[in-house]
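Some notes on the structure that comes next.
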Amino acid sequence: MPQIVNRYSRGAGLLDQLACPEGAHRCNRLPAAPRLRDMTVVPYRAAPDASSWPHCDVALPGGVECRGRRVAPHTACLAHLSGTDRSAYLADLRPGADLDHRGTCFTEELLSELLTAHTEPSTLKPRLGQARFERATFRGDARFDLVEIDSDALFDGAKIAGDISFNQAEISGRALFRQVKIGGNAGFDRMNCLIASA
Ligand SMILES: [Zn+2]
């Protein structure tokens, strides 16, 4: 069984879509409302090991290492950059840019700032390139509604304290949510993607 959600929000969403008997599929072409026990699950693969990217050098309370990915050329992750460095990083971002914030801890405010930095002026929607959030932690909600992702959306091993939503998101590549832990609701209403896996 997948470990993606405790509850499900509404409509034909990711878990429904995974019930396609062919496994990999075009999400937006599938019928709604198959039952969970009928689900065909993509074979299990572990989330990427946290040692596979350069870690932030900030020590957390208790001396625990922060596993957020460093934001080059700095040695800290996005959550631990100084205010000046974070502002400069966000100011340099453009719609369609790749993101790699594996292992990073996001507040709702930080995620909002990141998505705002990628907002396409013509559509007023955030547009990302490859979006890597494997093993990231979201302290509140993780809302990616209306986001356009030109490549893959990678969330394996992520932890979301609140809700996660990709309502009306457009993902040109894979949407991977394996081993994701969600404290609230998961909404994937009218999300389009190439392949979804949980
Ligand atoms: Zn950090």
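Values quoted throughout were computed directly from the atomic coordinates according to the rules given, and no laboratory measurement underlies them. Given the structure is predicted, the values throughout are model-derived calculations rather than measurements. Here Cβ is always computed from backbone atoms with ideal geometry, including for glycine, and neighbour counts include all displayed protein chains.
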For Leu154, state whether it is out of contact with any strand residue (DSSP E or B) (no Cβ under 6 Å at 6 or more places or on another chain) and either away from the ligand (no atom under 11 Å from the Cβ) or under 19 Å from Met191 (Cβ atoms) (or both).
no
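Results for (1) surrounded by fewer than 21 Cβ atoms within 10 Å (Cβ to Cβ); (2) under 13 Å from the mean Cα position of the chain (by Cα); (3) in a loop (DSSP other than H, G, I, E, B), shown as yes or no for each residue.
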{"site": "Thr123", "(1), (2), (3)": "yes, no, yes"}
{"site": "Gly157", "(1), (2), (3)": "no, yes, yes"}
{"site": "Gln168", "(1), (2), (3)": "yes, no, yes"}
{"site": "Arg178", "(1), (2), (3)": "no, yes, yes"}
{"site": "Ala196", "(1), (2), (3)": "no, yes, no"}
Report yes if Ala97 is more than 13 Å from the chain's Cα centre (by Cα), among the small types (Gly, Ala, Ser), surrounded by 18 or more Cβ atoms within 10 Å (Cβ to Cβ) and not in a helix (DSSP H, G or I), otherwise no.
no
Within the range 70-87, restricting attention to residues that are closer than 11 Å to Arg102 by Cβ and either in contact (Cβ under 8 Å) with a residue 40 or more places away in the chain or among the hydrophobic types (A, V, I, L, M, F, W, C) (or both), which residue is farthest from the ligand (Cβ to nearest atom)?
Leu78
Selected residue (only one of Arg139, Arg135, Arg102 is within 16 Å of the ligand (Cβ to nearest atom), within 24 Å of Asp163 (Cα to Cα) and surrounded by fewer than 19 Cβ atoms within 10 Å (Cβ to Cβ))
Arg139
Cβ-Cβ distance below 9 Å, separation of 6 or more or different chains: which pairs start in the range 130-154 with a residue that is at positive phi and end on one that is among the aliphatic types (A, V, I, L, M) and outside any loop (DSSP other than H, G, I, E, B)?
Arg135/Ala50
